[in-house]
Structure formats: structure tokens, C-alpha cells
Amino acid sequence: MKTVGKGISKIDGMSIATGKPVYTEDLAMANSLVVKLLRSPHAFAKINSIDTTIAEKLEGVECILTYKDVPKQRFSLAGQSYPEPSPYDRLILEEVVRYVGDEVAIIAAIDEKTALKAMSLIKVKYELFDPVLDFEKAIGHASIVHAENDVHCNFDIGMKKELNIVSSHKVEVGNIDEEIKKCDIVVEETYYTQANAHAMMETYRASSYLDHTGRLVIVSSTQIPFHVRRQLAKALQIPASKIRVIKPRIGGGFGGKQTSAVEIFTAIVTLKTGKPAIIIYDRKETFSCTTSRHAMRLSVRLGADSNGYIRVVDIQGLSDTGAYGEHASTVFSVVGDKTLPLYNKTTAVRFTGNVVYTNKMPAGAFRGYGATQGAYALESTINLLAEKLAMDPTEIRLMNLIKEGETCLTYNGKLLGSSTLHKCIEKGKELIGWKERYPVQQIDKNRVRAIGMAVTMQGSGIAGIDTASAEIRLNDDGNFTLLIGSTDMGTGSDTILAQMAAEILEIPIENIIVNAADTDISPYDPGSYASSTTYVTGMAVVQAAQDLKRQIIESGAKFLEVSSEEVEFDGETISMIKGEGSVRLEKLAEFLVLGTGKRQLVGNATYGSPVSPPPFIAGFAEVEIDKETGKIDLIDYVAVVDCGTVINPKLARIQVEGGIVQGIGMALYEDVKFGDKGKLLTNTFMQYKIPCRKDIGNVQVAFEESFEKTGPFGAKSIGEVVINTPAPAIAHAVYNAVGVRVTSLPITPEKVFMGMQNKINF
Amino acid sequence: MQIEVIVNLKKIKMEVDANEFLADTLRKYGILSVRKGCDTTCCGLCTVWIDDKPTLSCTTLSFRANGRKITTIEGVHKEADEFAQILVAEGAEQCGFCSPGFIMTVLAMKNELTNPTEETIVHYLTGNLCRCTGYMGQLRAIKTYLGVQ
Ligand code: FES
Ligand code: FES
């Protein structure tokens, strides 16, 4: 292969690295109105009165909107294909506020100062309700977070809103109670995974204006331009044909920008005033008024025989979705989807539980999407089981993990197409020095070093639902334009999709212009999430390129007045296989757009996959613990990845390193915390600590390629799987170091220290 | 109030409010490479040089820059491009939003430190957060750039 598999630099690398004005804020119209939001100081309240008269009189204030001024149609901000499985439980503004930070009024003024001044002049009187803050007490709480009658679900997701249950979920194969009785050993543990903040460097932002035909144009830092258009149409009650969403360069997303946080506010201001508007969330709003990872409680019960074969996996969950149900049921179901198939010598498996509403900032999509929470709980319990059986934790995995060509209880006979996970484990053991260093080494009187490990899987796209389209056009000058609706938020997806097209067309990648994404121009794509872009959009690009290549050969043959079987195309020239005749691509391109009876060539494809092949990863952590303080230093992290064919080794490596470090943050530092009245405490980078350069030790990355038959060039996904192993692997290493099993994230020095004192679970 | 500053070697008069910060002033005057990622001096995205010293422009009151020399990435584009090439070849820019502040700090470090070790590099750059790359690739790029092992 000429282009695929090469470490090509990102096509937009130089302009984003050197600070060119390519992001949403840079592109906003001059003189845009500045939009600010008045937010609720209370976790749960009803607005008894709201007086905007004085604020409206302020010079420079253009509009102030309250719940009385917005459509009464409920919607969801979840970035999911229609009909969304997330409940329609939102209004743009509502009489009831459900968390500290919930929007009360929209203010637009000529500048920020005026908008803020106006905000301070709005008078609101609230009737306070008792908030539901503890997610373990939400079910059956006297307060009901969503008592309104017009909440709507497109599917039955098990909503019982009078009990604060958004969604109930159950998968069960086999008879758990019977099978567990047959087990020689049963282990059980309960885990708590915390909410995390995405903390992408570019906070949420969007700008909007009306174009020359009066259509609403939104420029937004979003992962989901087509879903934004549909949501806006529903929320604003205008036809989708009147809306255009443009996505420029994006300063990070991690799933946060799969939930629309801001677009609706500028859009409604532009519609009401006819003027361009911009909204930029500051860091505090980004932390406290968007979405976080779902915090969960997961109880895991494993049963095994005395040889170490795992027979029963039983997981009970409870998930906190906060005030609104974006991604509530889907994140929760992924906990089971990505844990139950991993170990397949089982005779019975179950995953069941509820997602509940509370009066806190809503949860939403976040890299890993439930698999992260599930991996921490399951893998920690596997390590516990290995210890109880006195087995090497890598051995118990090698015996039990699903292999290529095998099936498992939840796959209904379907076979796993590709996996090199066993090789990943072997390679990881070598890289971390398992033989020499497992489990623990005394460094000096106070310090010990220990090793731990975990494995995980994710998916590639959403099987049977998300479907992407791609178009490739042969331009008049012999170059190509690749049109896609997916979103490169820094991952390099525009580049790897161009690599795929270049490979098929046998052309240099420089000959391809990539255009993504603009809902007026791009073919439909659900957007970039669920680890779908390489795999799903990638297949669409491959097929569109093949379609175009076929047309080039046909047109070239026609030009040469022979049949298409008699010519070949090498990326530059269409030539007769036998004989002298040939035409250069540029010449053909020119010919196809000049004169009568011509047709410019466009390759097209739409692709949706019936399967979601899992990428795999084996993670190994080495930590050093100071026994006097409980302080944990991460020394080394080894990640070995099976993402099928690696399309671009450099970009893939950075994806892994970035995801591992985010996982390290989740394992050791990051914790979204609320005060006792429901106010977010961790609303700056001072309180919410993401890893800095000193926190991460050494991260080593290796690949064990497999070949996924259903993927483009054998590729699977990589974006999400990489965040899942650090928490369980580090927890394991900590246990091996000091014998403290930390079962609630993050693994802080206090928990380790107190654990050492008490030798009980923390 | 009016201040006079030298931005990227050009003298400019700027109209600023008494409580306005330099990052905002620079953006207002079209220098869009200056970014903000926090409001608490934690992220380093807003780093520019004032009199050749890397400074957080998000918390520098604009009037304090009066009469001083301000350098942003546009003012050192040759050196910035040279390093950016290495960074990009390493694949170590992802979303790129943190890059201008990061690159300004790297270039300042190059001027300030001779033969830094890996430890001193990491220490110098601790105030520059990046949520995407995981830092390892950035470190590889810096080591290539400085020719250190
Ligand atoms: S914007 Fe974060 S340090 Fe200045
Ligand atoms: S590249 Fe995205 S924050 Fe550094």
C-alpha cells in the first residue's frame, strides 16, 4: 500500500499548530451580539416571577428571553441518530430549573460588559424544592425531577419518571442463580466511578447569522453538525431546510461536543433579532453547565471453577444522569455490551440496573461511553478473582478471553471477526518487564513499586444504526474533492479518510481537497462519536473512491473509444492495456466539463455496518507508593493495542497516548464534586485537576495489528478504547503495592493511606 | 485609556479599558492566535512574550503592557514554523488549540536553557496543559528540535 499505513502528517497540521484563525471564535462575524445566560443558583426550584424590564432598558441590550418567549416543544440535546433513544425532556428555557446552572434567561447585547450588566438587573423569585442530590437515594425520593407530563421517549427505555428512573436495562443469558451454585469460587465487589469533565481546551462556543436568503447559519464547535441541525429545527420549530450548520476546526471534543450545549442560544437570538450572535462558554460554565461522564455504582459478582475458568459474570449497575437524560440509556447499556463478551467461557451472564435523574449537572457522552466504567469494575474483579485463585492475572485472562473466530453468550452465535488481544497481553508483559517486576518491589524503607494490568474492548461505530455517506468529485483540473460529514476534532480523521481515498485512487494525498463538514454541502454523516469515523465513514469513503475509479476507467475508455475492460488507470493516466492509446487524468477531467453532452464524475457511497467490531487493548501500569503518605507516582504505563490495520501509525500513536493520559487522570485525580446544595465545587482547573506533564510518568505504546474483514483496509477504531484500562490497571498496581483495594475512583493518596491504616476497602 | 505597545515589532496604539486583560485586547486587535483555555492561570494557552519573557496574557492587565514589546506566534513565525514542522511530523498536534501558547513557551525555553535534560524540559513546560496529546509526542518533538537525547 502506498498511502495507508504511512505516518503522514495531518493535512491541517501546520495551520492549527501555528495559530491560524480557523476555529469558531476566529470566524465569527464582526459585531456579533454577545450572548450570556442567567443561570439558576438553586438545584431545584420553580420560577415564581421574573422581571426583565429594567435590564431591557439598558443601552446596548438587544434581547432578553425567558421561558415565556420560547417554543413549548420538548427535545433532547443528545447527538444520536433519529429517532434518538434519549428522552425529550428539555425546553430551551423552562419555568422549573433542575440544577445549579440551569438556564433561566438568555441575554444578548452589543458587548459582553453590557450583557453582564443586564444580567445583574434581572430579578427572579424562586420557589425552592428539595433537590435530589444523592443518586443512590433518587429512586423513590419524595421529589420528582421531571414531574411534567410532556416528557416523551421515542422508544421504551424503561422510564419511570415518578420514581426518578430515566431508564432500566437488563440483559441476561443463562440462569445466574443455578450456575453460580456450581462455581467453586465466587467473588463480589462494589465499585464507584466518578463523574469526569471532558476539559477540552476549546470551551463550548457557537456563532450564528442569517444568510442572503434569510436562512439561519450556525458555525459551531460540534462533533455532530447534522444532529445539531435537526435539534435546532425541533427546538425552534422551524424547518430544517432553513438551517445550515458549519463545523470549522475544533479544539477538542472527547464526546462533550456530541451533546449540543450552546447552539440553541445563539440561534434563537439571531432568529429573534435578525443579527449575528456569538456565545462562548467560559471555563466555569464549561465545567458546571454542560455535561460530564455518568457517575456509576457497579456491583460485580464473578463465579469460577477451581481451574480458573470464569463461569458467571453478573453486573448490577446504577447510573447518575443528572438533571437531563442525554445518552442516559445508551451509555448504561454499553457498560454491559463491552464487558459481558470479553470472557467467554461463561455459562451465564447478566447486566442489569437503572439510570436515575438527580438535580445535578447532566451527564452525557464521554470517550469510552460506559465501557470505561464497566472496565474498571469488571477488570478490578478479575484481578481480585485471580488473587483468590492464586493465579497470575495475565494467565487467568489468557485462559478466559474471547478469541478471533469464537462467540460468546451475548453474541447470539455471531463470531468475533478479529482480535490479537492475547498477543497484546504477551507483548505488554515484555514491555513492562512482568517477569522481573510483578507483583511488587521494595525500593527503600518507605517506597514500593508494583505492577498491575487490565484489558478492555470497545466497538467501532453503532451497528445497524449509524450510517455515513461520502462523495468524491473529480475536479476540472484533475484534482479531487472529498466531501464528508464527519468531524475531525483533532484526531486526524480528515487525513486518514483522505489517505484511504488516495490509496484506492492511487493518487498522492496532496491531490485531495477535504471538505468537512457543512450540512449544506456534506453528504449525511451522523458525526464523529462511538469510534465510528475510521470504520463507518472510512468504508463509505473507500466505496465512494471505488465508485469514482470505476467511472474514471469507463470515461477514459470511452474517450479512447474502447471498452472499459481494455484500459487501466494508474492514478495519472488511463491507458490501453494492449496498445499505445492513453489519456492523462487532467486531460480527461477537462474534457468532462467542457462542451456539450458531458458529465462531471462524482463517486458516491453510503455505508452502515451490521456489526461493530471491537478494538482491544491491554494496559499495564507500574506505580510507586510512598507508604508514609499514600502518595502515588505513576512510573510507567504500557498500552498494546489491536485496532486492526493501523491506517496512520503516527496519528494512532498520539490517539493512544492522549487517551491513556486521560485515563490516568480519571484513575488518579479527576473528580467532579458537588457541594451539599448541589453546586459544582470543581469548576476551574485549580479544583479539577487534569494531568500535567509531571503526572504521567512514561507512556509506552505498541500495536499488534489484526485484520478486520469488515473494515476499511482491515481497520477498526481506536478513539475510545484507549481510555479504559488505566483505572483498573493502576488500582491493581496500588493493591499489589500496599494491599489496599481502592474501589471508588479517583485513587487518591488519602484513600490509599487510610486504607493502609485500616486495611479495609476504600 | 490609550496604550502604546510594540506588537510583533510594529508600534500600535490600543484603546483599552482599565480592567481589560491583554489576551482580550490582542484578540480585539485581530491577533487571533492568542487563545484562552481557562480563567485561572492554569493552562498556558494564552502565553505571549512581554519583553521576550513568556507571560500569561489572560491575567496581564493590558495597561501594564504600555510601552512594552509584545511578541505572539505571528511575530516569530520562522522559528515557530520550524518547530511546528517537527511537531506535526511527530503527529503531536491534535486539535491544535493549545499549540500557539505551547510553542511560544518552547521557543522561550530554547532561548533560556542550554542543554536542558528531559526533567528540566518537563519542568519548564508544566504550566502548559494539553488535553489531547498526552504530552509524550510533544516531548519527542522538543527533544528532536533541541537535539537532546
Ligand atoms: S488562559 Fe489559561 S493560563 Fe491564560
Ligand atoms: S492539541 Fe488539543 S489541547 Fe493540545
Condition test on B:TYR135, is it without any contact (Cβ under 8 Å) to a residue 60 or more places away in the chain, within 7 Å of another protein chain (Cβ to nearest Cβ) and hydroxyl-bearing (Ser, Thr, Tyr)? yes
Filter segment A:61-108 for residues that are surrounded by fewer than 24 Cβ atoms within 10 Å (Cβ to Cβ) and small (Gly, Ala, Ser); which is nearest to A:PHE332 (Cα to Cα)? A:SER81
Among residues of segment B:10-38, those that are within 16 Å of the chain's Cα centre (by Cα) and not small (Gly, Ala, Ser), counted: 12
Counting only residues that are under 20 Å from A:ASN48 (Cβ atoms) and not acidic (Asp, Glu), segment A:123-147 contains a total of 12
Output yes when any residue across segment B:85-100 is touching a residue at least 40 places away in the same chain (Cβ under 8 Å) and among the polar types (S, T, N, Q), and no when none is. no
Just give me the residues in segment B:49-73 being near ligand 1 (Cβ under 10 Å from one of its atoms) and within 14 Å of another protein chain (Cβ to nearest Cβ), in sequence order. B:LEU56, B:SER57, B:CYS58, B:THR59
Would you please name the residue that is nearest to A:MET14 (Cα to Cα), looking only at residues in segment B:41-61 that are within 13 Å of the chain's Cα centre (by Cα) and within 16 Å of ligand 2 (Cβ to nearest atom)? B:LEU45
The listed residue being at the interface with chain A (Cβ under 7 Å from one of its Cβ atoms) and either of a type in the set (Gly, Ala, Ser) or closer than 30 Å to B:VAL5 by Cα (or both), out of B:LEU113, B:LEU107, B:LEU125: B:LEU125
Please work out which one of (1) among the acidic types (Asp, Glu); (2) within 15 Å of ligand 1 (Cβ to nearest atom); (3) away from every other protein chain (no Cβ under 13 Å) is the condition B:GLU20 fails and give its number. (3)
Take the residues of segment A:281-310 that are part of a strand (DSSP E or B) and not small (Gly, Ala, Ser): which is nearest to A:ARG367 (Cα to Cα)? A:MET296
Filtered residues of segment B:118-141 (kept if within 14 Å of ligand 2 (Cβ to nearest atom) and farther than 17 Å from B:LEU56 by Cα): B:ARG131, B:CYS132, B:THR133, B:GLY134, B:TYR135, B:MET136, B:GLY137, B:GLN138, B:LEU139, B:ALA141
Could you check segment B:26-40 and list, in sequence order, the residues that are more than 16 Å from ligand 2 (Cβ to nearest atom) and touching a residue at least 40 places away in the same chain (Cβ under 8 Å)? B:LEU26, B:ILE31
Filtering segment A:673-683 down to residues that are under 22 Å from the mean Cα position of the chain (by Cα) and surrounded by fewer than 21 Cβ atoms within 10 Å (Cβ to Cβ) yields A:LYS673, A:THR682
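Here is a yes/no grid of residues against (1) touching a residue at least 40 places away in the same chain (Cβ under 8 Å); (2) of a type in the set (Lys, Arg); (3) more than 28 Å from A:GLN655 (Cα to Cα); (4) surrounded by 24 or more Cβ atoms within 10 Å (Cβ to Cβ):
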{"position": "A:GLY413", "(1), (2), (3), (4)": "no, no, yes, no"}
{"position": "A:THR420", "(1), (2), (3), (4)": "yes, no, no, no"}
{"position": "A:LEU431", "(1), (2), (3), (4)": "yes, no, no, no"}
{"position": "A:SER469", "(1), (2), (3), (4)": "yes, no, no, no"}
{"position": "A:ASP488", "(1), (2), (3), (4)": "yes, no, no, yes"}
{"position": "A:ILE496", "(1), (2), (3), (4)": "yes, no, no, yes"}
Which of the residues belonging to segment A:112-148 are out of contact with any Ser or Thr (no Cβ under 7 Å at 6 or more places or on another chain), surrounded by 19 or more Cβ atoms within 10 Å (Cβ to Cβ) and in a helix (DSSP H, G or I)? A:THR114, A:ALA115, A:ALA118, A:MET119
Collect the residues in segment A:73-111 that are touching a helix residue (DSSP H, G or I) at 6+ places or on another chain (Cβ under 8 Å) and of a type in the set (Phe, Trp, Tyr), keeping them in residue-number order. A:PHE75, A:TYR82
Among the residues of segment A:661-706, which ones are out of contact with any Pro (no Cβ under 7 Å at 6 or more places or on another chain) and among the small types (Gly, Ala, Ser)? A:GLY675, A:GLY697, A:ALA702, A:SER706
Out of everything in segment A:1-59 that is within 14 Å of chain B (Cβ to nearest Cβ) and in a strand (DSSP E or B), what residue ends up being farthest from A:THR495 (Cα to Cα)? A:VAL34
Has segment B:94-103 got at least one residue that is on the phi < 0 side of the Ramachandran plot, away from ligand 1 (no atom under 16 Å from the Cβ) and touching a Cys at 6+ places or on another chain (Cβ under 7 Å)? yes
Taking segment A:149-173, which residues are part of a strand (DSSP E or B) and either in contact (Cβ under 8 Å) with a residue 12 or more places away in the chain or of a type in the set (S, T, N, Q) (or both)? A:HIS152, A:ILE165, A:VAL166, A:SER167, A:SER168, A:HIS169, A:LYS170, A:VAL171, A:GLU172, A:VAL173
Go through the residues of segment B:139-148 one by one and say whether even a single one is modelled with pLDDT under 95, in contact with a Ser or Thr (Cβ under 8 Å, 6 or more places away or on another chain) and of a type outside the set (Lys, Arg). yes
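The values are calculated or read from the model by the stated rules, or taken from the named source; none is laboratory data. Predicted, not measured: the structure shown is a model, and the values here were computed from it. A quick note on method: Cβ atoms are made from the backbone with ideal geometry, for glycine too, and the neighbour counts reach across all protein chains shown.
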